[in-house]
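See structure below.
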Amino acid sequence: MTFELQTFVDIDATPERVWQVLTDLPAYSQWNPFITHAEGTFAVGERLSLSLPPVNAFLRVTLRPTVLEVTPCRRLLLRSRQSRLGVPGLFDAEHTFTLTLHDGGVRLLEEQRLRGLLVALMARPLNRRRLPALAAMNAALKDRSEGRSATILPG
């Protein structure tokens, strides 16, 4: 099964400024409500380490996506593969950020394509939880890119 999420935000900044904020992983903890800690380099073939807010007191989530595409000031493409218990194809995710010129600024389109056996079981909770989280991340990226400070509330 395949499941797709899509969201966008219009940002009153240059593509270079938005790209700078989007690719500054060490600064994510200062502004990003969805990814609370990030390490790595946006270079094709590199693996990133992205920590999300804890689901509960016992479950912390760290993603290790591989960078598939880097087109400066235009596009990032990441892929995560979850193959727990040695079973491939349980849950794979592609995450794309696309920047385009729009009304004197930038439109950032964020897309997630999820595939695998577990997607059918997780589609409804993913849509209910992840889409608002992506929208909050985009709003914070907009604020940071436009020079406004955003307040990150504890998860």
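The values are calculated or read from the model by the stated rules, or taken from the named source; none is laboratory data. Values in this document were obtained by computation on a predicted structure and should not be read as measured data. Note that each Cβ is placed from the backbone with ideal geometry, even for glycine, and that neighbours are counted across all protein chains shown. Side chains are part of the model used for accessible areas, which takes the heavy atoms of the whole protein and leaves out ligands, DNA and RNA. Shrake-Rupley method; radii C 1.70, N 1.55, O 1.52, S 1.80 Å.
Remarks
- Tail weight of P(r) past 16 Å, computed on alpha-carbon pairs of the stretch 1-70, percent: 62
- Protection proxy ranking of 99-106, 42-49, by the mean of other Cβ atoms within 10 Å over each peptide's residues and highest first, is 99-106, 42-49.
- Pairwise FRET efficiency - D103 versus E46, Cβ, R0 = 35 Å, nearest 0.05: 0.60
- Of the residues S145, S29, ranked by 1.4 Å probe accessible area with the largest first, the sequence reads S29, S145.
- Cut-off 10 Å between beta-carbons: net charge of the residues surrounding P65, Lys and Arg +1, Asp and Glu -1: +2
- Probe 1.4 Å - accessible area at F91, Å² to nearest ten: 30
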